[in-house]
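Read the structure below first, then the notes.
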Amino acid sequence: MKPSFSHWLGLFSIILGVFAWELIVRLSGLPRFILPSPLDVWMRLLKSLADGSLLYHTSITLLEITLGLAVGVTFATLLGYMLAKSRSLEKVLSPYLVASQAIPVVAIAPLLVIWLGHGIISKVVICALIVFFPVLVNTVVGVRAVPPALYDMMHSLRASRWQVMSKLEVPASLPVLLGGLRIGATLSVIGAIVGELVDAKEGLGFLLKVGDFQYDTSMVFVAVIMLVALALALYGIVTLLEKRFLKWQHTPS
Amino acid sequence: MTAKPILTVKNLSVIFPDSNGGLHALDDISFEVHSRDFICFLGPSGSGKTTLLRIIAGLLQPSSGQVSFVDNLQPKIGMVFQQAHLMPWRTVMDNIKLPLELEGMDESQARIKAQEMIELVGLNGFEDSWPRDLSGGMAQRVGIARSLVHDPDLLLLDEPFASLDALTRERMWVELSRIWQVKQKTVIMVTHSINESLFLADDVLVLTQRPGKIKLEVKVDLPRPRNDDIRYTSHFGKLARKLRGAIE
C-alpha cells in the first residue's frame with residue numbers, strides 16, 4: 001500500500017509542476033522562444049520523434065555514454081584495485097590523480113576535441129574521464145575495507161590470489177563499487193553533453209546547440225528532457241544491479 | 001601415543017618488530033600434537049595465544065624455531081575465529097561450502113557435503129538464511145561447520161566462543177564436544193577460559209604472560225563423552241584449581 005501511494009505522490013508532483021509551468025507561461029506572457037509552454041514542448045517532442053531525429057541523436061549520445069562508462073569503469077576498477085593493494089603505487093600516482101581532479105573536465109574538453117577529432121571518440125574519452133575518478137576512489141575504499149579477518153580465513157584455506165580476489169575482494173567491495181558507479185552513471189551524461197557542446201555533428205548536445213541557434217527553444221527543452229530521461233534510466237539500471245547483487249544487505253525475506 | 005606426531009613445534013619464538021627493540025610475543029615454545037589429540041592452550045590475554053595459532057595456520061612466520069608437519073606435508077586446516085567471520089553476501093549454505101569451492105569440488109557434491117555439516121551443527125532450515133539474520137551462537141555454528149566441511153587434518157580454534165553469552169557458550173561446549181567425538185579431528189584450541197579448556201581438551205598447556213612460555217601441562221583425564229554434570233565433579237574442580245594456580 002505504502003509504496004504505491006508514494007508512486008502516485010511522485011506523479012502528482014510532476015503534474016503539478018507542469019501546471020505551474022503552464023501558468024507561468026500564461027501569466028508572464030513571455031514569447032515562445034524564451035519560454036515555450038508544456039504543450040509546445042510536447043508537440044516539438046512528437047515532431048522530432050516522427051522525423052526520427054530525436055531517436056537518432058539520443059542513440060548517438062547513449063552510445064557515447066555507454067562506451068565512456070565501459071572504458072572509464074574498466075580502467076578505474078583495474079587501477080583502483082592496484083592502488084588499493086600497493087601503498088607505494090598510490091604514493092607515486094596520487095599527486096597526478098588529485099591534480100587531474102582539480103581541472104574541470106569542461107576546461108580540457110576543447111583540447112580533447114582538438115586532439116581526438118569531433119567524432120564520438122572525443123566524447124567517449126571525456127565521458128570516461130569524468131566517470132573515472134569516483135569509480136576509482138570507491139574501488140580503493142571498497143577493496144581496502146575488506147575485513148582482514150576474512151583474508152586470514154581465506155589464507156588458512158590456502159586460497160589462491162585469484163580466489164581471494166574473485167570470492168572475497170570483489171563481492172566484499174561491491175557495495176561501495178556500485179555506489180561509485182551510481183555517481184559515475186549520472187556524471188557520464190554530463191561528460192557526453194560537454195563533449196558534444198564543444199563540437200559535434202550529432203548527439204543530444206548537438207541538438208541543444210541547434211535549438212539554441214535557431215531560437216527553437218522547444219527543441220532545447222526536448223533535448224534536456226531526453227538527457228534527464230537518460231540519466232534516470234542509467235541510475236535505475238545501477239539500482240537494479242544493487243537489488244540483484246546486494247540483496248543480502250536489504251530487508252529480510 | 002606411539003605414533004609419529006602430526007605436528008612438531010620446536011623452540012618457537014616470535015618477536016614483533018616495534019620502536020623499542022621488538023615485542024616478544026612467544027618464547028621458546030615446544031610441543032607435539034598427535035593425531036586426534038585435543039590440545040588446548042590456556043593463557044591470559046597477551047600471552048600470544050592467537051599468534052601461536054596464526055603460525056600453525058601458516059598466516060605468520062615465526063622469528064625463530066620450527067613448525068613441522070608429518071612428512072613435511074602442509075596439512076589441510078580448518079579454522080574457527082573469535083568472531084564467526086562469515087561472508088555477509090553468502091547464505092549459510094554458501095558460507096559453509098566455501099572451502100570446498102576453493103578446492104574446486106563440483107557444485108552438487110559440495111552442496112551435499114555442506115548439507116551434512118548443516119545437519120551436524122543443527123542448522124537445518126537455515127540453509128538459505130543470510131548471516132545478518134543469525135544469532136551469535138548460530139553464526140558460530142556456521143563457522144564451525146565451515147571449518148569442518150573440507151575434512152581438515154587439523155582444526156584450529158581461536159577462542160571460538162569468546163563472543164557468545166555464557167549460556168550459549170556452555171551449550172556450544174557440549175555441541176563441540178559431541179562434534180569432536182563424531183569427527184575425531186585433531187584440534188588445537190586457544191582460550192582464556194579454564195572451564196572451556198577442561199571441558200573440551202585432553203591436554204591443557206598453560207601459557208604465561210608476554211612473552212608466552214609454556215608453564216604447565218595438565219592431562220585432562222575426565223571421561224568422555226562429557227556433559228554438563230562433569231563440571232560439578234570434584235575432579236574437575238581439582239584440575240581447575242591447578243590451572244588457576246598456574247595462571248598469574
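The values are calculated or read from the model by the stated rules, or taken from the named source; none is laboratory data. If you're wondering where the values come from, they're calculated on a predicted model, not measured in any experiment. So basically every Cβ, Gly included, is an ideal-geometry build from the backbone, and we count neighbours across all protein chains shown. These accessible areas exclude ligands, DNA and RNA; they are computed on the full protein's heavy atoms, side chains included. Shrake-Rupley method; radii C 1.70, N 1.55, O 1.52, S 1.80 Å.
Each of A:Leu187, A:Trp162, A:Leu208 was placed along the dipole of the range A:147-253 (beta-carbon charges, centred on the mean Cα), and the one lying farthest toward the positive end is A:Trp162.
Please compute the length gained on full extension between B:Ser135 and B:Leu167, using 0.36 nm multiplied by the number of residues separating them and subtracting their Cα-Cα distance. Spell out each step's value before the answer.
Values: separation 32, 0.36 × 32 = 11.52 nm, distance 1.32 nm.
Roughly 10.2 nm would be gained on extension.
Farthest toward the positive end of the dipole of the protein assembly as shown, out of A:Leu49, A:His118, B:Ala240, is the Cα of B:Ala240, where the dipole comes from beta carbon charges about the Cα centre.
Take A:59-69, B:178-188 and order them by the average number of nearby Cβ atoms within 10 Å per residue, most first; the result is A:59-69, B:178-188.
For every helix of n ≥ 4 consecutive DSSP H residues, a contribution of -39,500 (n - 2.57) applies; sum these over the protein assembly as shown, divide by its total residues, and give [θ] at 222 nm rounded to the nearest 500 deg cm²/dmol.
Values: 18 runs with 287 residues, N = 501.
Value at 222 nm, helices only, nearest 500: -19000 deg cm²/dmol.
Rounded to the nearest 10 degrees, the angle from helix B:234-246 to the longest Cα principal axis of chain B is 60 degrees.
Residue by residue through A:142-153, how many Cβ atoms from other chains fall within 10 Å of the Cβ on average? Intermediate values should be presented prior to the final figure.
Details: counts 0, 0, 0, 0, 0, 4, 1, 5, 5, 1, 8, 14.
Across A:142-153, the average partner-chain Cβ count within 10 Å equals 3.
Between A:Ile103 and A:Ile14, the contour length at 0.36 nm per residue exceeds the alpha carbon distance by 28.4 nm.
Computed from the C-beta positions of B:Glu119 and A:Ser160 and an R0 of 35 Å, the FRET efficiency is 0.70 to the nearest 0.05.
Shielding of peptide B:124-133 by partners, expressed as the average count of other chain Cβ atoms within 10 Å per residue Cβ, is 2. With unit charges on the beta carbon (Lys/Arg positive, Asp/Glu negative), name the residue among B:Ser177, A:Leu79, A:Phe245 whose Cα is farthest towards the positive pole of the charge dipole of the protein assembly as shown. Towards the positive end, the residue furthest out is B:Ser177. The dipole here belongs to chain B: it is taken about the Cα centre, uses +1 on the Cβ of Lys and Arg and -1 on the Cβ of Asp and Glu, and is about 660 debye. Summing charges over all other residues whose Cβ lies under 15 Å from the Cβ of B:Gln181, with Lys and Arg as +1 and Asp and Glu as -1, gives +3. When the surface is traced with a 1.4 Å probe over the full set of protein chains, B:His24 keeps roughly 60 Å² accessible. Only Cα sites of the range B:33-151 enter the Debye sum here, all with the same form factor; the resulting log10 I(q)/I(0) across q = 0.14 1/Å is -0.70, listed in q order. For the range B:6-26, the residues whose backbone nitrogen is under 11 Å from a point 7 Å from the Cα of B:Ser68, taken along Cα to Cβ, are B:8-10.
The label-point distance for B:Lys10 and A:Val141, in a model that sets each label 7 Å from Cα toward Cβ, rounds to 5.2 nm.
Ordering A:Leu49, A:Leu157 from largest to smallest accessible area (1.4 angstrom probe), what's the sequence? Don't skip to the end; give the middle numbers.
Values: A:Leu49 75, A:Leu157 30 Å².
Descending accessible area places them as A:Leu49, A:Leu157.
Between B:Glu107 and A:Phe75, the C-beta separation translates, for a Förster distance of 41 Å, into a calculated FRET efficiency of about 0.75. Please say if the range A:7-135 is rounded, prolate or oblate, where rounded means a/c under 1.5 for a ≥ b ≥ c the square roots of the C-alpha gyration tensor eigenvalues, and otherwise the choice is prolate for a/b larger than b/c and oblate otherwise? Prolate.
Test of understanding: given chain A, find the longest segment containing no chymotrypsin sites (Phe, Trp or Tyr not before Pro) that are in a DSSP loop and have at most 15 other Cβ atoms within 10 Å. Longest gap between qualifying sites, sites excluded: A:34-214.
Put the Cα centre of the range B:173-210 next to the Cα centre of the range A:24-78 and the gap is 69 Å. Charged side chains reduced to their Cβ positions (Lys and Arg at +1, Asp and Glu at -1) give the range A:119-253 a dipole of some 640 debye around its Cα centre.
Taken over the range A:201-245, the convex hull of the Cα atoms encloses 49 Å³ per residue.
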